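Notes for the one structure printed next.
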Amino acid sequence: MAASGSTFPDLALRNLLAEHYTSPVTVEDRELLEPWAVARVRLRNGDGHGDGDGDGHGSAPHSVVVKWIPTDLDRTRPAQWRLRTELAALRFLSEDLRTGLAPHVIAVDSASRLLVLEDLAPRVALDQLLRRDGAAAHGERLAAFARARGELSAATAGRAATYYTRRARLGPVDPAADRAGRLAPLRDTAILHAAGLGAPLRSRASHELTAALDELHHPGPFLALSNGDAEANNILLHPHGPADARLIDFEYAGYTHALTDAVCLYVPGPAWLTVGDPAAVGPAEHYRHALARAVPQAQDDQLYGYGLAAASLSWALIRLQRFAALDARPPADPSRSQLVATLEAAARTAVLHTDALPRLTAWTHRIAALLRRRWPDADQDFTDPARFPPYRARR
């Protein structure tokens, strides 16, 4: 959530803590986690300590994480919807499924305007470690990242009815829209951009795209909960010692095709120029093994490969909708290179995992080739690990 124009809800937080804890609690300090409406808040109990477990039956913990709806958004339906979705997803994971994959909800105000969550420090976001040290230094944490994504899908597969019962108690929800994904409408814009570049979507490729999207919209046994943003900034791990992972940011959570959560291991997300070769970096099989513990169909190369290819190509199309904005930027803007790398990585993933989408894959390759021609600054070899090592950030 963007924190622009927002004010930290001091009074609301004090009132909520007073209702929740049996002993008096004082807010000692707060650290705004820009650019979101999120803060780490340090607490002190009436006895001068912050050493509780946050369960509401004793003293407060040393610190909590607070998420709120900014004052300029507190009456908008999307803002309320996101916070309620996060509340439902986190309680579903901790109370219904009893997983240890995400932070616990400590308290929430009656209007779901403010959430108080378990503070997962000293864990830090994986993307910070990758930017600082490079992927080679964090192979164990990349494996933990992939494994946690697979464990989330495995733990939630087959439990959609339980989640949506909980979510519906907080307000209207559309399971079909969750399966399609909030960014799905952007694909139509991307198809128009491709035609403008000289790569119209021909009938055979269009049929394959329809089949790929049908796979994503009807996941069958692969239907599982996603937090809606499966990227390295939304997983927290200890920077040293055991790679004990926790997933965060469930504002866009919903049940969708599990393999949409695996795309980030193969295809660059918004933060990266490349995520490298999954076979070389090594995390992808950790995801698949974790998923297969509850979804045995993940062991089937054909089923798994088709779902992964469909999800990867769909993601590349969603990113292509940015073409007009990137085309207006000056030469050498790294977002141009990123778009080419994304399209090619998605096509490469599809080729490696299925032979069922050849025309859709060829169309994606053609779009990338046309962009290379249009943007000479983006005509680079993104498979060269010397120039583009795994998890090279987009500056």
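The values are calculated or read from the model by the stated rules, or taken from the named source; none is laboratory data. This structure is a prediction, so every number in the text was calculated from the model and none was measured. In this analysis, Cβ positions are derived from the backbone assuming ideal geometry, glycine residues included, and neighbour counts consider all displayed protein chains.
Quick look at the numbers
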| item | result |
| --- | --- |
| Residue within the range 381-389 that is exposed (fewer than 15 other Cβ atoms within 10 Å of the Cβ), in a helix (DSSP H, G or I) and not charged (D, E, K, R) present | no |
| Which listed residue is under 27 Å from G171 (Cβ atoms), among the basic types (K, R), at pLDDT 95 or above and buried (at least 17 other Cβ atoms within 10 Å of the Cβ), from R98, R91 | R91 |
| Subset tally (residues that are in a loop (DSSP other than H, G, I, E, B), of a type in the set (A, V, I, L, M, F, W, C) and within 22 Å of the chain's Cα centre (by Cα)) for the range 99-122 | 4 |
| Residue that is nearest to D72 (Cα to Cα) [pool: residues in the range 31-55 that are loosely packed, with under 14 Cβ neighbours inside 10 Å and modelled with pLDDT under 70] | D55 |
| Filtered residues of the range 248-263 (kept if surrounded by fewer than 24 Cβ atoms within 10 Å (Cβ to Cβ) and either touching a Lys or Arg at 6+ places or on another chain (Cβ under 9 Å) or part of a strand (DSSP E or B) (or both)) | E251, Y252, Y255 |
| Every pair of residues 6+ apart whose Cβ atoms lie under 8 Å, when the first sits in the range 304-332 and is on the phi < 0 side of the Ramachandran plot and crowded, with 21+ Cβ neighbours inside 10 Å while the second is assigned to a helix (DSSP H, G or I) and among the acidic types (D, E) | Y306/E215; G307/E215; A310/E215 |
| Listing of helices (runs of 4 or more DSSP H) fully contained in the range 273-330 that carry 1 or more residues being in contact with a Pro (Cβ under 8 Å, 6 or more places away or on another chain) and in the same structural domain as W363 (by TED's automatic domain parsing) | 278-281, 284-292, 301-320 |
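Residues are listed down the side, and each one gets a yes or a no for (1) out of contact with any strand residue (DSSP E or B) (no Cβ under 9 Å at 6 or more places or on another chain); (2) under 27 Å from D133 (Cα atoms); (3) small (G, A, S):
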site	(1), (2), (3)
G307	no, no, yes
A316	yes, no, yes
L320	yes, no, no
F323	yes, no, no
R329	yes, no, no
V340	yes, yes, no
L343	yes, yes, no
L352	yes, no, no
